[in-house]
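Presented below is the structure to which this report refers.
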2 protein chains.
Amino acid sequence: MSAPHGAEGSGEVAEDLGGGRKRTGRRPGVTLSRHAILQAARSRFAEHGYAGASVRAIANDAGVDAALIHHFFLSKEGLFAASIHDALHPEAVVEAVLGGKGVRGTGERLVRTFLALWEGETTARQMRSILRSAASHEAAARILREFITQEVLVPIARTTGRTHPDVRASLAASQLVGLAMTRYIVEIGPLATLPQDDVVACVAPTLQRYLTGALPAPFDA
Amino acid sequence: MSAPHGAEGSGEVAEDLGGGRKRTGRRPGVTLSRHAILQAARSRFAEHGYAGASVRAIANDAGVDAALIHHFFLSKEGLFAASIHDALHPEAVVEAVLGGKGVRGTGERLVRTFLALWEGETTARQMRSILRSAASHEAAARILREFITQEVLVPIARTTGRTHPDVRASLAASQLVGLAMTRYIVEIGPLATLPQDDVVACVAPTLQRYLTGALPAPFDA
């Protein structure tokens, strides 16, 4: 995926985007517009899913022209990706799981961080919307796929120094995505209602094994 | 869920359903209608999902009156449940996993049977449609929830004779549903493209532990 303009939130742009303010290198108006767009996108995507949220409606909510969204994010897909990034802060997730804490306990910290996102006041609706969108729409699935593996799980799997980080990351994804589906979407009991600590105790060993254990043949044997 | 009329496919009905044939106790015409409805439902649900398939269209495909569908299955929800039952044969799944084969290897047989359904010529589209529908629609989620736990995983977990079969079944569901989401829907590599045997080798130990291992406190400790 090519990086959309302003994807890192620098607020620096080459062109004049209207408003006629004097260029200063860093333009607070642009940063504010970008922020307003991401806020609006986050809310629209959470409420209507990927397919139901239109770029036009998001532009309207943010009080900007739709062309500005295309300028910053290239496409609805780029906006969805930036919105996920903005809502979930993958670097913070990776930091919470690794954070110089050593390989032991990685599985437990990963499950705990994941549950916190799904049950956090500002992130719960996002997580639901992202997973539901990915289940129905290829574009959303593609973004979730890249986000999960490249931005979160492959970096975590790499840091443990074990073989086949990509295989490990996708196995970890299978347990985490399934945990979310059964606990929050399909709501299969008792997993849907167990306290977080009990879920962590049951599921963390699976993540620990996927991330750090020996893989079966043909991988490690 | 109350059992809809004819849910077990007996083809026995008390009323005259038109056509004026003489009652014989078992009525081939009714059995044929029920079969035609289920075939049509299976195809419509697979192609359009739970929300997109209408009872009217299914009745039309099956060449019956929509009232007959309500007579047999009570509601669209009942028809969806019967259609899943008809497509996936939960007793056969349970038999394939247990089948007097002992507790050892239960996890492996369960993953193998599950992958066979997802990659089987006649069942792959159904599995996709069911999971996608459950991700978006509460009625479909409720039916999947009951199907997975009550018809397949709780019976399997019970047979192993271990503690907390309901907790074990929901943990197993979390790994199986997540495997399906990552391998077939979101298509997270390399898990999406690994040969079945490699997937079984990686994931079976998780299912075996959930179904037969010691559960952490507060369950077994």
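For the structure I just gave you, tell me whether B:Arg44 is surrounded by fewer than 17 Cβ atoms within 10 Å (Cβ to Cβ), within 23 Å of B:His137 (Cβ to Cβ), basic (Lys, Arg) and modelled with pLDDT of 90 or more.
So B:Arg44 fails the test.
Would you confirm whether any residue within the stretch B:196-206 is of a type in the set (Ser, Thr, Tyr) and buried (at least 20 other Cβ atoms within 10 Å of the Cβ)?
Within the stretch B:196-206 (the criterion being of a type in the set (Ser, Thr, Tyr) and buried (at least 20 other Cβ atoms within 10 Å of the Cβ)), the answer is yes, since at least one residue qualifies.
Just a yes or no: is a residue in the stretch B:115-122 assigned by TED's automatic domain parsing to the domain that holds B:Ile143, free of Cβ contacts under 8 Å to residues at least 60 places away in the same chain and farther than 25 Å from B:Tyr210 by Cβ?
Scanning the stretch B:115-122 turns up at least one residue that is assigned by TED's automatic domain parsing to the domain that holds B:Ile143, free of Cβ contacts under 8 Å to residues at least 60 places away in the same chain and farther than 25 Å from B:Tyr210 by Cβ.
Here are the criteria: (1) more than 9 Å from chain A (Cβ to nearest Cβ); (2) surrounded by fewer than 21 Cβ atoms within 10 Å (Cβ to Cβ); (3) part of a helix (DSSP H, G or I); (4) not hydroxyl-bearing (Ser, Thr, Tyr). Tell me which single one B:Arg168 does not satisfy.
(2)
May I ask you to list the residues in the stretch B:89-103 that are free of Cβ contacts under 8 Å to residues at least 40 places away in the same chain and closer than 18 Å to B:Arg168 by Cα?
Across the stretch B:89-103, the qualifying residue is only B:Gly102.
Restricting to the stretch B:47-78, count the residues that are part of a helix (DSSP H, G or I), over 22 Å from B:Glu138 (Cβ atoms) and not aromatic (Phe, Trp, Tyr).
Of the residues in the stretch B:47-78, 8 are part of a helix (DSSP H, G or I), over 22 Å from B:Glu138 (Cβ atoms) and not aromatic (Phe, Trp, Tyr).
Out of B:Ala135, B:Ala169, B:Ala157, I need the residue that is closer than 25 Å to B:Phe80 by Cβ and either out of contact with any Pro (no Cβ under 9 Å at 6 or more places or on another chain) or polar (S, T, N, Q) (or both). Which one?
That would be B:Ala135, the only listed residue that is closer than 25 Å to B:Phe80 by Cβ and either out of contact with any Pro (no Cβ under 9 Å at 6 or more places or on another chain) or polar (S, T, N, Q) (or both).
Could you run through the stretch A:99-139 and say how many residues are outside any helix (DSSP H, G or I) and among the β-branched types (Val, Ile, Thr)?
3
Please count how many residues of the stretch A:203-218 are in contact (Cβ under 8 Å) with a residue 24 or more places away in the chain, over 24 Å from B:Ile148 (Cα atoms), facing chain B (nearest Cβ under 8 Å) and among the aliphatic types (A, V, I, L, M).
Number of matching residues: 1.
Quick check, is B:Leu215 farther than 22 Å from B:Thr113 by Cβ, of a type in the set (A, V, I, L, M, F, W, C) and assigned to a loop (DSSP other than H, G, I, E, B)?
Values: farther than 22 Å from B:Thr113 by Cβ: yes; of a type in the set (A, V, I, L, M, F, W, C): yes; assigned to a loop (DSSP other than H, G, I, E, B): yes.
In short, yes.
So which residues in the stretch A:125-163 are of a type in the set (D, E, K, R) and within 12 Å of chain B (Cβ to nearest Cβ)?
Matches in the stretch A:125-163: A:Arg128, A:Arg132, A:Glu138, A:Arg142, A:Arg145, A:Glu146.
Taking the stretch A:184-202 on its own, how many of its residues are part of a helix (DSSP H, G or I) and either at positive phi or at the interface with chain B (Cβ under 7 Å from one of its Cβ atoms) (or both)? Even if it seems obvious, please write down each step before you answer.
We begin by selecting, within the stretch A:184-202, every residue part of a helix (DSSP H, G or I); these are A:184-185, A:196-202.
With either at positive phi or at the interface with chain B (Cβ under 7 Å from one of its Cβ atoms) (or both) added as a condition, the list becomes A:185, A:198, A:201-202.
Count: 4.
The values are calculated or read from the model by the stated rules, or taken from the named source; none is laboratory data. Just so it is clear, the structure is predicted and the values come from calculations on it, not from any experiment. Backbone-built Cβ (ideal geometry, glycine too); neighbour counts: all protein chains shown.
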